[in-house]
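The values are calculated or read from the model by the stated rules, or taken from the named source; none is laboratory data. This is a predicted model, so every value here is computed, not measured. Cβ: placed from backbone, ideal geometry, glycine included. Neighbour counts: every protein chain shown. Side chains included, ligands, DNA and RNA excluded: accessible areas come from the protein's heavy atoms. Shrake-Rupley method; radii C 1.70, N 1.55, O 1.52, S 1.80 Å.
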Amino acid sequence: MTDALDEPTRDVQRVLVVTAHPDDVDFGAAGTVTTWTASGIEVVYCVCTSGEASGDPTTPPETTARTREAEQRAAAATVGVREVLFLGHPDGRLTPSLELRRDITRVIRRFRPHRVLTWSPEINWEFLVTSHPDHRAAGEAALAAVYPDARNPHAHPELLVDEGLQPWVVHELWLADGPPERRNRVVDVTDVFPTKLAALRAHRSQTGHLPDLAGDIRGWLAETARRSGLPEGRLAETFQVVSTA
């Protein structure tokens, strides 16, 4: 890691988290989000799909979607996030389309975040499961929405002309689950581990069957901390942070 441990930035008042599915943020960044909300930062979740392409294939997709949306709202409340937006794009078929870029740009211009956290559009070959195509598509679309779309008055002109949404510059982009060699920010989440675990347990349809969720997550975060140079016994989440000002 090239940067020091992260501390909440005083001039960051609002953060937008863009994910592909319900539960992505809780596996990858719920500890970090908890540290932000605890410091007074307002965080909003923007979820591109409703996770309907999961679980029992005999269950109607709309039923699965309602379940997973409710689980994400419950998990968000656990970590201090009050607003969760679902964009309704198709689960398992997400692409970084102009439509998705427009929808994320709309949220950015409405919420006007100082920081956006999303998933890396690159593949993490060390742990491929985190590089689901939907994750990378959400990250690529969010990156394009941050730069250049949200700040460009000519991008998606209907947002300005029809909806009155003025351009907005996001100054900082955080990317989760990218290639380890690109990660330059460490967040110590040891003290908020119980909160992260509670958020994950709120996703009963996704985690209820796991025999040792706490042990698995603790082991993963401990290894991340070790690789980041933190002392024995610490837990960490790591990100690639990019200045976009």
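Values for this structure:
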item: Extreme residue, nearest to A137 (Cα to Cα), among residues of the range 83-102 that are aliphatic (A, V, I, L, M) and open to solvent by 40 Å² or more (accessible area, probe 1.4 Å); result: L98
item: Of all residues in the range 38-66 being outside any helix (DSSP H, G or I), out of contact with any helix residue (DSSP H, G or I) (no Cβ under 9 Å at 6 or more places or on another chain) and closer than 18 Å to S205 by Cβ, the one that is least open to solvent (accessible area, probe 1.4 Å); result: P60
item: In the range 67-77, the residues that are open to solvent by 40 Å² or more (accessible area, probe 1.4 Å) and not charged (D, E, K, R); result: T67, A70, A74, A77
item: Residues of the range 186-228 satisfying the condition of being in a loop (DSSP other than H, G, I, E, B), more than 30 Å from V170 (Cα to Cα) and either open to solvent by 30 Å² or more (accessible area, probe 1.4 Å) or in contact with a Lys or Arg (Cβ under 7 Å, 6 or more places away or on another chain) (or both); result: G208, H209, L210, P211, D212
item: Of all residues making up the range 119-141, the number that are open to solvent by 60 Å² or more (accessible area, probe 1.4 Å), part of a loop (DSSP other than H, G, I, E, B) and within 18 Å of R102 (Cα to Cα); result: 0
item: Which listed residue, of A144, A155, is assigned to a helix (DSSP H, G or I), touching a helix residue (DSSP H, G or I) at 6+ places or on another chain (Cβ under 9 Å) and either surrounded by 13 or more Cβ atoms within 10 Å (Cβ to Cβ) or of a type in the set (G, A, S) (or both); result: A144
item: Boolean, G80 is open to solvent by 50 Å² or more (accessible area, probe 1.4 Å), out of contact with any Pro (no Cβ under 9 Å at 6 or more places or on another chain), under 21 Å from D26 (Cβ atoms) and not in a helix (DSSP H, G or I); result: no
item: Residue within the range 165-175 that is touching a Leu at 6+ places or on another chain (Cβ under 6 Å), open to solvent by less than 20 Å² (accessible area, probe 1.4 Å) and under 24 Å from E122 (Cβ atoms) present; result: yes
item: Filter pass, R102 being within 20 Å of V146 (Cβ to Cβ), in contact (Cβ under 8 Å) with a residue 24 or more places away in the chain and in a helix (DSSP H, G or I); result: yes
item: Filter result (open to solvent by 50 Å² or more (accessible area, probe 1.4 Å) and either over 15 Å from W119 (Cβ atoms) or touching a helix residue (DSSP H, G or I) at 6+ places or on another chain (Cβ under 7 Å) (or both)) within the range 176-185; result: E181
item: Single match in T35, T63 (criterion: touching a Pro at 6+ places or on another chain (Cβ under 8 Å) and not acidic (D, E)); result: T35
item: Counted residues, the range 140-190 - those being in contact with a Phe, Trp or Tyr (Cβ under 7 Å, 6 or more places away or on another chain) and more than 30 Å from W220 (Cβ to Cβ); result: 2
item: Criterion: assigned to a loop (DSSP other than H, G, I, E, B) and touching a residue at least 60 places away in the same chain (Cβ under 8 Å) - qualifying residue of G178, G164; result: G178
